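Below is one structure, written out as structure tokens; comments come after it.
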Amino acid sequence: MKILMYNTVSDEMPYVEKWTEKTGHEVVTIDQPLNETTVDRAKVFDAITTQQTTAINAPVYAQLAQFNIKQIAIRQVGYDVLDLPEAFAHNIRLSNVAAYSPRAIAEYTLTQLFNLIRHNKKFDRAMNKGDYTWAAGGQAREIHDLTVAVIGVGRIGTALAEMLHAMGATVLGVDPIYRAQNEPFVTYTTLDDALSRADVISFHTPLNDETRYMADENFFDKIQPGTIMLNFARGEIVDMVELEKALESKLLAGAAFDVTPNENDFMNQKQDVTALPA
């Protein structure tokens, strides 16, 4: 089988080489995403794989079908970049990564929470200017004093909740599925109750009709002043216009995101926002 690998990064190459040696399949790599401009590259292949944040639009599937492409394998968990009806209409099979390491993402989230409550970004900027005083960053907070609302208590949310609880935080869980095994470290409650009590809000939900732009104007109206927001799930969970308003008004004390619907320039300009690569 001949496979075209879109949007390849150098870190993937050792695994590609190992896999091709094991399976005997031919893999050609390019560093561009799959779109209407690059789809012609797939003409002589049997299947393609990609990892990207930009949507794969309807004309791409029609062109792939003409090339007799049998499968699109995306190298990521989230599949909202795919147009499922279009793919199925053209008899193209789809597959995604079953899961990343839940603990790795939970630790990543926790790391950014520490950065925010310790004002690390502010201190770094001040130190780069020669200011080494504690006043440059402001008063820090400690994990054990915080109430954290984990919205989405699946594998990642559960891993984060366990870590937070171990450090003394109060953890509120918001999820349509109740998991009794989480009771030792999570107090399940409603979204409204969690928002009214939380010092920190962390999203760990899939993107669907119920969660798309969940954090809208009404959502922000219910949170406490000085709340910290973390989103390491899906960009479209949070309305970025409302996020900016909340940061400008100091309703939010800070935010750390590695996903956004679009890359907003303002995020890199603010000392109270940590914008991370997806």
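The values are calculated or read from the model by the stated rules, or taken from the named source; none is laboratory data. Fair warning: this is a prediction, and the values are worked out from it, not measured in the lab. So basically every Cβ, Gly included, is an ideal-geometry build from the backbone, and we count neighbours across all protein chains shown.
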Condition met for Tyr79 (in the same structural domain as Ala198 (by TED's automatic domain parsing), of a type in the set (Phe, Trp, Tyr) and under 30 Å from Ile56 (Cβ atoms)): no
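Given the criterion touching a residue at least 24 places away in the same chain (Cβ under 8 Å), of a type in the set (Ser, Thr, Tyr) and over 15 Å from Thr227 (Cβ atoms), identify the matching residue among Thr189, Thr205.
From the options Thr189, Thr205, the qualifying one is Thr205.
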So which of Tyr79, Tyr15 is under 23 Å from Pro261 (Cα atoms), of a type outside the set (A, V, I, L, M), out of contact with any Cys (no Cβ under 7 Å at 6 or more places or on another chain) and without any contact (Cβ under 8 Å) to a residue 24 or more places away in the chain? Tyr79
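Yes or no: Val153 part of a loop (DSSP other than H, G, I, E, B) and buried (at least 18 other Cβ atoms within 10 Å of the Cβ)?
Values: part of a loop (DSSP other than H, G, I, E, B): yes; buried (at least 18 other Cβ atoms within 10 Å of the Cβ): yes.
Spelling it out, Val153 is indeed part of a loop (DSSP other than H, G, I, E, B) and buried (at least 18 other Cβ atoms within 10 Å of the Cβ).
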Answer yes if at least one residue in region 49-57 is more than 16 Å from Lys2 (Cα to Cα), at pLDDT 95 or above, touching a Leu at 6+ places or on another chain (Cβ under 6 Å) and in the same structural domain as Ser10 (by TED's automatic domain parsing), and no otherwise. yes
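Take Asp192 and tell me if it is buried (at least 19 other Cβ atoms within 10 Å of the Cβ) and not small (Gly, Ala, Ser).
So Asp192 fails the test.
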Only one of Ala140, Ala135, Ala126, Ala149 is assigned by TED's automatic domain parsing to the domain that holds Phe257 and modelled with pLDDT of 90 or more; which? Ala149
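Could we say that Asp221 is of a type in the set (Asp, Glu) and either surrounded by fewer than 18 Cβ atoms within 10 Å (Cβ to Cβ) or not assigned by TED's automatic domain parsing to the domain that holds Tyr178 (or both) here?
Numbers: of a type in the set (Asp, Glu): yes; either surrounded by fewer than 18 Cβ atoms within 10 Å (Cβ to Cβ) or not assigned by TED's automatic domain parsing to the domain that holds Tyr178 (or both): yes.
Against the criterion (of a type in the set (Asp, Glu) and either surrounded by fewer than 18 Cβ atoms within 10 Å (Cβ to Cβ) or not assigned by TED's automatic domain parsing to the domain that holds Tyr178 (or both)), Asp221 qualifies.
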Arg197 versus (1) in contact with a helix residue (DSSP H, G or I) (Cβ under 7 Å, 6 or more places away or on another chain); (2) within 23 Å of Leu252 (Cα to Cα); (3) among the basic types (Lys, Arg): which is the lone unmet condition? (1)
